[in-house]
Amino acid sequence: MNRSGWSRWAPISGIAFVAAYVVGMILAKTPDSSDPAEAIAAYYPDSKSHRVQMIVAAYTLIAAGLLFLWFLSCLRSRLRAAESDPGTLITLAFGTGVVFVGLLSVGALALAAVPASISFGENKAPIGADTVQTAQSLGWGAILVGGMLSAAVMIFTTSILTLRTGALPKWSAWVGFLAAIALLFAVIWIPQIALLIWALSVSGAMLARPAVTTQAGYPAPTA
């Protein structure tokens, strides 16, 4: 694929991220913290399907993070080409996006730590409910607290740059501001959908407004 074709279709990585993230979250079923301790302790040791499902979910969520990194790189190039003096905001947007990907990966690995230790490490030691709940709390905390707060900063900064540069339609910036606010409350789970809506909106905007490759090799937005 030539450079212009690559730039034209690279935003699809954002749509692919959304699909992988949704699948990963559907598969990531963990025991309810309100369940009896005996049921929590037996959730993974007594069920191979629970272990396999959580391990597959971790792989899928990490893949989603890598797709998001591709999407973020494409978005960064678009903003960088439109910004006359690239500086702090672009660096902040990209940096917090990378932090989000890192925390998503850490969270996925934490969620899969107990089932993976049983299936791959052949761990025969008794698994206590406190071990399962600690790993589970670390995993969801990394994703829903650290990850989503980082994503909120990234989206808010990107929206400011969008209004400043016109690299994307203004409506995508307003969607971003609303998404950033919603993600501040992602600890209650449902607000994380705002991240997916924003990613789909920006991907669609980039596909609808293809970038023009400059002589320097960076894509410049069309009018």
Discussion item. I want to confirm something. Restricting to segment 77-95 and keeping residues that are surrounded by 17 or more Cβ atoms within 10 Å (Cβ to Cβ) and small (Gly, Ala, Ser), which single residue is modelled with the lowest pLDDT?
Written reply: ALA82
Fill in: Among (1) open to solvent by 20 Å² or more (accessible area, probe 1.4 Å); (2) under 24 Å from the mean Cα position of the chain (by Cα); (3) farther than 30 Å from ALA167 by Cβ, the one test that ALA39 misses
(2)
Discussion item. Quick check on my filter: what residues within segment 132-156 are at pLDDT below 95 and farther than 19 Å from ILE62 by Cβ?
Written reply: VAL132, GLN133, THR134, SER137
Discussion item. Being in contact with a strand residue (DSSP E or B) (Cβ under 7 Å, 6 or more places away or on another chain), modelled with pLDDT under 90 and not polar (S, T, N, Q): is that true of ALA129 here?
Written reply: no
Worksheet, complete the sentence: Counting only residues in segment 101-122 that are of a type in the set (Val, Ile, Thr) and under 29 Å from LEU161 (Cβ atoms), the one surrounded by the most Cβ atoms within 10 Å (Cβ to Cβ) is identified as VAL101
Item to complete: Quick one: count up the residues across segment 128-182 that are open to solvent by less than 30 Å² (accessible area, probe 1.4 Å) and outside any helix (DSSP H, G or I).
Response: 4
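ALA116 - would you say it is touching a Lys or Arg at 6+ places or on another chain (Cβ under 8 Å), closer than 28 Å to HIS50 by Cβ and modelled with pLDDT under 95? Write out each step before concluding.
Working: touching a Lys or Arg at 6+ places or on another chain (Cβ under 8 Å): yes; closer than 28 Å to HIS50 by Cβ: yes; modelled with pLDDT under 95: yes.
For ALA116, the condition - touching a Lys or Arg at 6+ places or on another chain (Cβ under 8 Å), closer than 28 Å to HIS50 by Cβ and modelled with pLDDT under 95 - is met.
Here is a list: VAL98, VAL18. Which entry is crowded, with 20+ Cβ neighbours inside 10 Å and of a type in the set (Val, Ile, Thr)?
Numbers: VAL98 fails: crowded, with 20+ Cβ neighbours inside 10 Å.
The conditions single out VAL18.
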Worksheet item: Wholly within segment 1-44, which helices (runs of 4 or more DSSP H) include no fewer than the required count, namely at least 3 residues that are within 30 Å of ALA81 (Cα to Cα) and at pLDDT 90 or above?
Response: 12-27
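The values are calculated or read from the model by the stated rules, or taken from the named source; none is laboratory data. Computed from a predicted structure; not experimentally measured. As a convention, Cβ positions derive from the backbone with ideal geometry for all residues, glycine included, and neighbour counts pool all protein chains shown. Ligands, DNA and RNA are excluded from the accessible area calculation, which covers all protein heavy atoms including side chains. Shrake-Rupley method; radii C 1.70, N 1.55, O 1.52, S 1.80 Å.
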